[in-house]
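Student: Can you keep this structure in mind? I'll have questions shortly.
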Amino acid sequence: MFDRPVSVVATEVEPRTKKSNYPEPFASRMNGRVKRQLGDVFGLVNFGVNLTILTPASQSALRHAHTTQDEFVYILQGNPTLITDAGRTILAPGHCAGFRAGTGDGHCLVNETKSDVVYLEIGDRSPGDRGTYPDDDLVADLVDGAWRFTHKDGSPY
């Protein structure tokens, strides 16, 4: 009757095989990031949930902001540094942060410690979203469910 599991052990979900959707030279900056796409296991279509591990010296993403997609993170283990337009904030287990769409406030997590960071990230899957990257020459547009990347001047990668 059901083609999806009722529940799973999150740490037993296979990690995403593609480390990053970013084009080079940005994709390799995501080395050390491991995502388990928990929402996909259950066939969720309106939002995604990832169990993410950042090994030492890795980062969650390029610092970015979304035009239509809200994001939320909840720290389970470790002490990542949250980088936003307001500066740097050290987080700890139990801390959470939310990033409302359309604010333009670029954000990312960086693991500057010697221990793994583990967190849940939740984001909606709003069509027509655009990701902007204040620190990098990159723009991402969500088109037909896939990210398309260009330089800020519109030229393709």
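Student: Counting helices only, and only those DSSP H runs with n ≥ 4, report the 222 nm mean residue ellipticity of the chain as the sum of -39,500 (n - 2.57) divided by its residues, in deg cm²/dmol to the nearest 500.
Tutor: Numbers: 1 runs with 4 residues, N = 157.
Rounded to the nearest 500, the figure is -500 deg cm²/dmol.
Student: Could you tell me how far the Cα centroid of the stretch 128-142 sits from the Cα centroid of the stretch 85-117, in Å?
Tutor: Here the answer is 18 Å between Cα centres.
Student: When we measure straight from the Cα of K19, which lysines land under 22 angstrom away, once same-chain ones fewer than 8 places off are left out?
Tutor: In chain and number order, the partners are K35, K114.
Student: To the nearest 20 Debye, how big is the dipole of the chain about its Cα centre, given +1 on the beta carbon of each Lys and Arg and -1 on that of each Asp and Glu?
Tutor: So the dipole magnitude of the chain works out to roughly 280 debye.
Student: Please sort by residue number the trypsin sites (Lys or Arg not before Pro) in the stretch 1-91 whose DSSP state is loop and whose Cβ has at most 11 other Cβ atoms within 10 Å.
Tutor: Details: sites: R16, K18, K19, R29, R33, K35, R36, R63, R88; in loops: R16, K18, K19, R63.
Taking the stretch 1-91 and a limit of 11 other Cβ atoms within 10 Å, the loop trypsin sites (Lys or Arg not before Pro) found are K18.
Student: Follow-up. Using the Cβ atoms and a cut-off under 13 Å, what net charge is assigned to the surroundings of V13, where Lys and Arg are +1 and Asp and Glu are -1?
Tutor: On the way: positive: R4, R16, K35, R36; negative: E12, E14, D40.
Around V13, the surrounding residues sum to +1.
Student: Let me ask you something else. Return the Cα extents of the chain along principal axes one, two and three, sorted largest first, each rounded to a whole Å.
Tutor: 48, 40, 27
Student: Once you have the Cα-Cα distance between T132 and T17, take 0.36 nm times their residue separation minus that, and quote the gain in nm to one decimal.
Tutor: Working: separation 115, 0.36 × 115 = 41.40 nm, distance 2.46 nm.
Separation in residues times 0.36 nm, less the Cα-Cα distance, equals 38.9 nm.
Student: While we're looking at this one, here's another question. About the Cα centre of the stretch 37-126, how large is the charge dipole given +1 on each Lys and Arg Cβ and -1 on each Asp and Glu Cβ? Please answer in debye to the nearest 20.
Tutor: On the way: 5 positive and 9 negative charges, 29 e Å.
I would put it at about 140 debye.
Any read-out appearing in this document is the output of simple, stated calculations on the displayed coordinates, not a laboratory observation. Note that this is a predicted model, so its numbers are computed, not measured. Using ideal geometry, Cβ is built from the backbone for each residue, glycine included, and neighbour counts are taken over all protein chains shown.
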